[in-house]
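Novice: Okay, here's the structure, questions in a sec.
The values are calculated or read from the model by the stated rules, or taken from the named source; none is laboratory data. All values derive from a computational prediction rather than experimental measurement. FYI the Cβ positions are ideal-geometry reconstructions off the backbone, even for glycines, and counts take in every protein chain you see. We work out accessible area using only protein heavy atoms, side chains counted, and drop any ligands, DNA or RNA first. Shrake-Rupley method; radii C 1.70, N 1.55, O 1.52, S 1.80 Å.
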Amino acid sequence: MEDLNKKPLSVKQYLVVSSLLFALFFGAGNLIFPLHLGQLAGAHWFTAMLGFLCTGVVLPLLSVLAISVTRSKGVYDIGTPLGSTFALVFMVLIHATIGPLFGTPRTATVPFAVGVQPLLPSNFMHYGLLVFSFLFFLAAFLLSYKESSIMASVGKLLNPIFLVLLFVVFFLAFLHPMSSAGSQPVTAAYQSGSFFNGFLEGYNTMDALAGLAFGVTVVTAVNQLGKTNPLSNAKVTAKAGFLAEALVGLIYVVLIWLGATTLGQFKASADGGVAFNQLMTYYLGATGHALLATLLTLTCLTTAMGLVAAFAQDFHKHFPALSYVQWLALMCVASFLTANFGLDTIIQWSTPMLMFLYPFAMVLILLSVFSPLFKRDSVVYFWVVLLTTVPALMDMLASFPPVVSQSAFAKMVGNFQQSYLPLASIGMDWVPFAVVGLLLGLMCHWYKNKKYLQTVTE
């Protein structure tokens, strides 16, 4: 297939695609989790930041590159080396996690809890969330109704407004920092394991999972610019991804530093939403709440649009009995219902799924990026994913709320895990398993090639 547009894209066009990628990745969680990390890490904020950037910036960038290298159109294609059944199950799990079960409802509950809830009487909280989430997902549905309007709506309108508001806050914080970040207290968990705790905290952004799911949206947007050849489409996506993630990384660095500086005025908060509220109130007073509500709603709306559109596009492709618009409506309704369970419940139950899915996502992303080295041989994928399953299941069980994680069976599994699995104490026990799986897979790949060459020469 040849490009409809044979001319190189202009700088402006690259910036529009980069802006789309940035807006799809950067949601409310990307604001509140780095701030909270800064408060937890205190004087060790820099080391924790390095860990956070690995899963919050490098991994999402690699997910975009994985889509580019394999010329995939979405999360389904990433899993196809392991067969259509695995690919379909993996796609459904990813979309369910970043979609109606956890990720998408959070895009409504975070701006409500942080920006709107403090302005409401306590007896109106439930009704306030009901009305806010209804209007929020109605807007997401209307803005995503026509697939062709996604890039124009997100990249050209909402994203620049968000960036202006965010950098106003940064400017004020740099002019008058609350305290010196390097002299703040460090919580117990970050005394010796700040890097790996920051690494695990990056899971909460869900950006690596989102990067795989947004592939179809990005490919569609680049196609609209006339780059319809898979190779040229991949090159544009990769270059735009570098630009977008560079900006995301810069914002994370500032937010984590800011979180540490807040300890000079406030105690470490229970979550990043409270920390952001404190930050805005300190610098902007009563008007900070209004600005915060606007800021979070804009950035969450752009992310919600990307999530619901990617969900509808992928599910319509694989389950065509329903149209894109019908899947879109179903996604928005389901997200609206889940959002009304509240932010705390959503975060509490999303952690086990993230601990389970992130190891799979990481190994599949890395395998996809380096797949040309072993010709995307399914046997390599098989051994890596098979061995990664063992620690991933254990990590999921251990991270459930107490009703599950404190059961007799869960405690027995947890004791075994901590006693016998290397790196289990820092939540990285899947790494040795994945490495062993990779070695076994590459050995099988080498043996297959050797047998094939012997057959050909004979």
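Novice: Longer than 23 Å from Cα to Cα, which of Lys146/Lys227; Lys73/Lys451; Lys235/Lys375 are they? Say none if no pair is.
Specialist: Correct reply: Lys73/Lys451.
Novice: Kindly provide log₁₀ I(q)/I(0) values, in the same order as q = 0.07, 0.08 Å⁻¹, from the Debye equation applied to equal alpha-carbon scatterers of the range 11-349.
Specialist: Normalising to I(0) and taking log10 leaves -0.27, -0.35.
Novice: Say R0 is 30 Å: what FRET efficiency, to the nearest 0.05, do Ser180 and Phe242 get from their beta-carbon distance?
Specialist: Result of the calculation: an efficiency of 0.35.
Novice: Could you sort Phe46, Phe319, Phe26 by accessible area so the largest value comes first, with the probe set to 1.4 Å?
Specialist: Phe46, Phe319, Phe26
Novice: May I ask for the net charge around Phe199, where only other residues with Cβ less than 14 Å from the Cβ of Phe199 are counted and Lys, Arg are +1 while Asp, Glu are -1?
Specialist: That works out to -4.
Novice: Work out which helices of the chain, taken as complete DSSP H runs, extend at least 27 Å along their axis over the Cα atoms and score a mean Kyte-Doolittle of 1.6 or more, then list them.
Specialist: Qualifying helices, which must be both long enough and hydrophobic enough, are 125-144, 378-398.
Novice: In square angstrom, rounded to the nearest 10, how much accessible surface does Lys6 have for a 1.4 Å probe?
Specialist: Number for this one is 140 Å².
Novice: Moving on. On the accessible surface of the chain, probed at 1.4 Å, how many percent belong to carbon and sulfur atoms?
Specialist: Looking at the chain in its full context, I get 71 percent from C and S.
Novice: How large is the accessible surface per residue of the chain, computed with a 1.4 Å probe and reported in Å² as a whole number?
Specialist: I get 42 Å² per residue for the chain.
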